[in-house]
Structures are given as structure tokens and as C-alpha cells.
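Colleague: To start, I am sharing the structure in question, which I have written as C-alpha cells.
Every number here is computed from the coordinates shown, using simple stated rules; none is lab data. Predicted model only: the values in this text are computed from it and were never measured. All Cβ positions, glycine included, derive from the backbone under ideal geometry; neighbour counts span all protein chains shown.
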């Protein structure tokens, strides 16, 4: 985990009140933390989860949300182990091959192999990128390309 990672917060009850019991709320917080290492002992996911929670709570406190922890009734943590076991993602990486500058947008591997012109790629590790909507765009682009270009 980076020293000061960015994170995304979503409060689904704002658009769908059924996402929490009446008078309560649900928050989803996504924070990039990396992927599984070959040496499983090198990563202590219990400690990483604790650090992530501590960081998020302190950051939110700096923004004026200073009593969130006392209102938490339960939490679910989706670690790389979850992503690997549930969705068979390599090294549990929800962001594909990597999530750095050289793996974003146009810089991701393209969806057609340079040498083997009838080999196509679809998914989070290819162009245009991660996330369900983007992966579906990737699938649509490859389908359109195959239909347009055939098997030349």
C-alpha cells in the first residue's frame, strides 16, 4: 500500500435506499493495495487490512467525518486472496497486470497480437482497461474488430 493512497468512496443508499436498513447507510471504499506475492509469508493481510482501515478513518477524520468507526456494524474486506479465489484473477490483481502509469489507457497491451494477427485479447489487462464497464467495452471492441477484419 502506498503511504498516502487515493481511494474511492461510494454510498449506494443515495440512489438505492434498499442497500441498507432504513435509517442506516452503506459505504463501499476501494483502495489500491497491490497483489499477491510469490512468497505468501511476505504479506500479512491481517496487518495490511488494519493499516488500510486506520488510514481511511484518519483521512476521513481530516475531512470532518470523525465518528465513522463508532457507527460501523460490520465490514467486508475483499483482499487479493478473495479476487484470486472468487474470480481466478492472476495474483488476485483486480486491476489486471498492473495499475501503474505504463498500464493505463492506451499504454495497456492492445487487444490484437502484433505478430499473430488472428489472436485477440479481452479483459482488464488489455486496452482499454479495468472495471466491468471497461472490460465490456474491451469485449465489444474485439468483437467489432473481428467482424470488420475477419481472419486475415
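Colleague: Evaluate E = 1/(1 + (r/R0)^6) for residue 73 and residue 1, where r is the Cβ-Cβ distance and R0 equals 30 Å; express this FRET efficiency to the nearest 0.05.
Modeller: 0.75
Colleague: Between residue 59 and residue 87, what's the calculated FRET efficiency when r is the beta-carbon distance and R0 is 25 Å? Round to 0.05.
Modeller: 0.35
Colleague: To the nearest 10 degrees, how steep is helix 132-149 against the longest Cα principal axis of the chain, on a 0 to 90 scale?
Modeller: It is inclined by approximately 10 degrees.
Colleague: Quick check: residue separation of residue 139 and residue 118 times 0.36 nm, minus the Cα distance between them. What number comes out in nm?
Modeller: Length difference between fully extended and current span is 6.0 nm.
Colleague: Arranged by the count of other C-beta atoms within 10 angstrom, fewest first, what order do 67, 3 take?
Modeller: 3, 67
Colleague: Show log10 I(q)/I(0) for the chain at q = 0.11, 0.13, 0.17, 0.20 Å⁻¹, two decimals, from a solvent-free Debye sum over equal Cα scatterers.
Modeller: Debye curve over Cα of the chain, log10 I(q)/I(0) at q = 0.11, 0.13, 0.17, 0.20 Å⁻¹: -0.59, -0.78, -1.11, -1.30.
Colleague: Now for a separate question. What nm value, rounded to one decimal, do you get for the distance between residue 29 and residue 101 when each label is placed 7 Å out toward the C-beta?
Modeller: It is 2.8 nm.
Colleague: Moving on to the next point. Which three numbers, in whole Å and largest first, are the semi-axes of the equivalent ellipsoid of segment 95-152 derived from its Cα gyration tensor as √(5λ)?
Modeller: 21, 13, 7
Colleague: Here's another thing I want to ask about it. For Cα pairs less than 8 Å apart in space and 6+ apart in sequence, what is the mean separation divided by the residue count of segment 1-94, i.e. the relative contact order in percent?
Modeller: 24 percent
Colleague: Tilt of helix 45-62 relative to the longest C-alpha principal axis of the chain, in degrees (0 to 90, nearest 10)?
Modeller: Helix 45-62 sits roughly 70 degrees off the main axis of the chain.
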